[in-house]
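A.B. asks: Sending over a structure as structure tokens; questions will come in a sec.
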Amino acid sequence: MHPNPIYHSQDTATDIAFARDRAFGTLVLNGDLVPMVSHVPFLLAGDGSHADLHLVRSNPIARALNAPQPAMIAVNGPDGYISPDWYGIDHQVPTWNYVAVHLTGRLELLPQNALLPLLDRQSEAFESRLLPKPVWKTDKMPDAVMDRLMRMIVPCRLHIADIAATWKLAQNKPDAARLGAATGTQAAGFGLETGQLARIMRTPPEL
């Protein structure tokens, strides 16, 4: 998280809603020499108490879960470079604006019989965003093929103890400067999803 508390969210409900909507993040677990990292889709509970996901059985993180382990899912939102020229005020420096939510807790393996319900919940949640396309379901797969694929993956749950978020949106600048930076970052497109970032900068959430 950014060290400046002005960017720290105190609105857990907003952070949960953001992470649930993104539904994809970077899973990090302590390793012997460097952190173990995997990029995963997940389902976040409405109250933020846990996140469910699956991993390939051969993933080093999955292999490390002979017992529950401390872990984090870092959820990245839109980000963009901010030129000081866009503020319209003197003596500013370049920076980068972004949104990020960190979900921290303990990661454990779930029983293997939890896998198919998890896959069905994931496909239902993700496919429902593609309407009016018919929702893909696991029962569309031949049983033998589905059984073989399921042997390759394991279900996991992150029991979440802490949710922390950074919403770095130029809140430390006058309104006119923040709006100028939003216009500049959208026009420049230097970053990821700069249009969404600009929209959030124009109407920052009450954190």
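A.B. asks: Condition (residue is over 18 Å from HIS39 (Cβ atoms), among the β-branched types (Val, Ile, Thr) and surrounded by 18 or more Cβ atoms within 10 Å (Cβ to Cβ)) applied to the stretch 135-145: is it met by at least one residue?
C.D. replies: No, the stretch 135-145 contains no residue that is over 18 Å from HIS39 (Cβ atoms), among the β-branched types (Val, Ile, Thr) and surrounded by 18 or more Cβ atoms within 10 Å (Cβ to Cβ).
A.B. asks: Now for a separate question. Checking ASP162 against (1) at pLDDT below 95; (2) under 26 Å from the mean Cα position of the chain (by Cα); (3) acidic (Asp, Glu): exactly one of these is not met. Which one?
C.D. replies: ASP162 satisfies every listed condition except (1).
A.B. asks: In the stretch 83-106, what residues are within 25 Å of ASN30 (Cβ to Cβ) and either touching a His at 6+ places or on another chain (Cβ under 8 Å) or in a loop (DSSP other than H, G, I, E, B) (or both)?
C.D. replies: Matches in the stretch 83-106: GLY105, ARG106.
A.B. asks: If you scan the stretch 197-207, which residues turn out to be closer than 23 Å to LEU44 by Cβ, modelled with pLDDT of 95 or more and surrounded by 15 or more Cβ atoms within 10 Å (Cβ to Cβ)?
C.D. replies: LEU197, ILE200
A.B. asks: Give the number of residues within the stretch 155-164 that are surrounded by fewer than 16 Cβ atoms within 10 Å (Cβ to Cβ) and among the charged types (D, E, K, R).
C.D. replies: Residues that pass the stated criteria total 1.
A.B. asks: Among the residues that make up the stretch 43-62, is at least one of them within 30 Å of GLU206 (Cβ to Cβ), at pLDDT 95 or above and hydroxyl-bearing (Ser, Thr, Tyr)?
C.D. replies: yes
A.B. asks: Just give me the residues in the stretch 61-82 being farther than 29 Å from LEU192 by Cα and not in a strand (DSSP E or B), in sequence order.
C.D. replies: ALA62, ARG63, ALA64, LEU65, ASN66, ALA67, PRO68 - these are the residues of the stretch 61-82 that are farther than 29 Å from LEU192 by Cα and not in a strand (DSSP E or B).
A.B. asks: Hey, does the stretch 12-19 have a residue that's in a loop (DSSP other than H, G, I, E, B) and under 14 Å from ILE163 (Cβ atoms)?
C.D. replies: There is no residue in the stretch 12-19 that is in a loop (DSSP other than H, G, I, E, B) and under 14 Å from ILE163 (Cβ atoms).
A.B. asks: Right, another one. Restricted to the stretch 165-194, and to residues that are within 18 Å of the chain's Cα centre (by Cα) and not acidic (Asp, Glu), which residue is surrounded by the fewest Cβ atoms within 10 Å (Cβ to Cβ)?
C.D. replies: LEU192
A.B. asks: Could you check how many residues of the stretch 134-167 are within 21 Å of ARG20 (Cβ to Cβ) and of a type in the set (Lys, Arg)?
C.D. replies: Number of matching residues: 1.
The values are calculated or read from the model by the stated rules, or taken from the named source; none is laboratory data. Just so we're clear, the structure is a prediction, and the values are computed from it rather than from any experiment. FYI the Cβ positions are ideal-geometry reconstructions off the backbone, even for glycines, and counts take in every protein chain you see.
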